[in-house]
C-alpha cells in the first residue's frame, strides 16, 4: 500500500530526511521539521509554506514530507505550480475540470512546488485559487516558493485574489524559512570532496 501511495503521488524523485544535510541550511528550523515529519499537521488539516531562494532545499524538504505522509497512510499528490495550472486549463478546455478538481480536493496532502517561477494568466490564477479554496480546512497543502508573500501578487496578477488566497493558506500554517546559501551547491561540493578523497585513497602507492 505504501508503494502504491508513493506511485500515485507522482514524486519526481524519492527523497527522505536521511539524505538531507540540515547543517547546510542553518536557517531551517530542524526541530519543527522533525515534528512535521510525524504528519500530525495533516491530521489537523494544517498547511506548510516553505519560502526561500532557488536551490535552498525546499523541494527536498517537500518530497521528504510527502514520503513521510505516504508512509503514514495519507494520500499525496505532488505537482509544480506551473504544471498544475496547465493541467487545470487543459481539463477546462476538455470539459473534465470538475473531475480533476474533485481529485485534487480529495487527496490528504497536495504539494505545490515552485510557486513564483512562472506568472499565471488571469484564468490560470482563478483556476488555481478554486483548487486551493476547495481544500481549505478539508485537506493539507504544502507550497514551496522562491518569493516572499508580499511578492505573490506578481504571480497571481490580482491583489484581491492573492489576499484571499493567503488568508486561507495562512489560517493554519507552519512557515519554513530557508534563506541560507544554495543547498544544491553545498551538497554538490560535498559530494565532489568525498569523491576526490575516495579517488585519492584508491590510488596505489608508487
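Bear in mind that the values in this text are calculations on the coordinates, not laboratory data. Remember, predicted model here, so these are calculated numbers, not experimental data. Neighbour counts are summed over all protein chains in view; Cβ atoms, including those assigned to glycine, are modelled from backbone coordinates with ideal geometry.
Brief remarks follow.
- Cα centroid of segment 143-164 to Cα centroid of segment 48-79, whole Å: 20 Å
- Identified option (computed semi-axes √(5λ) of the Cα gyration tensor in Å; candidates (1) 27, 23, 16; (2) 33, 19, 17; (3) 30, 20, 16): (2)
- Cα-based shape type of segment 84-164, given that a ≥ b ≥ c are square roots of the gyration tensor eigenvalues and the cut on a/c is 1.5: oblate
- Helix axis angle, 58-71 relative to the chain longest principal axis, alpha carbon, degrees: 80 degrees
- The chain: relative contact order as a whole-number percent, Cα under 8 Å and 6+ apart: 32 percent
- Computed [θ] at 222 nm, helices only, for the chain once each DSSP H run of length n ≥ 4 contributes -39500 (n - 2.57): -15000 deg cm²/dmol
- Rounded tilt (10° steps) of 122-134 against the dominant C-alpha axis of the chain: 90 degrees
- With the simple spin-label model, which puts each label point 7 Å out from Cα in the Cβ direction, the residue 43 to residue 137 separation comes to 2.1 nm.
- Degrees between helix 81-93 axis and first principal axis of the chain (Cα, 0 to 90, nearest 10): 30 degrees
- Rounded FRET efficiency, nearest 0.05, which uses the C-beta distance separating residue 159 from residue 8 and R0 of 22 Å: 0.05
- FRET efficiency for residue 22 and residue 149, using Cβ-Cβ distance with R0 set to 25 Å, rounded to 0.05: 0.55
- Contour excess over end-to-end distance, with Cα ends at residue 35 and residue 87 and 0.36 nm allotted per residue: 15.4 nm
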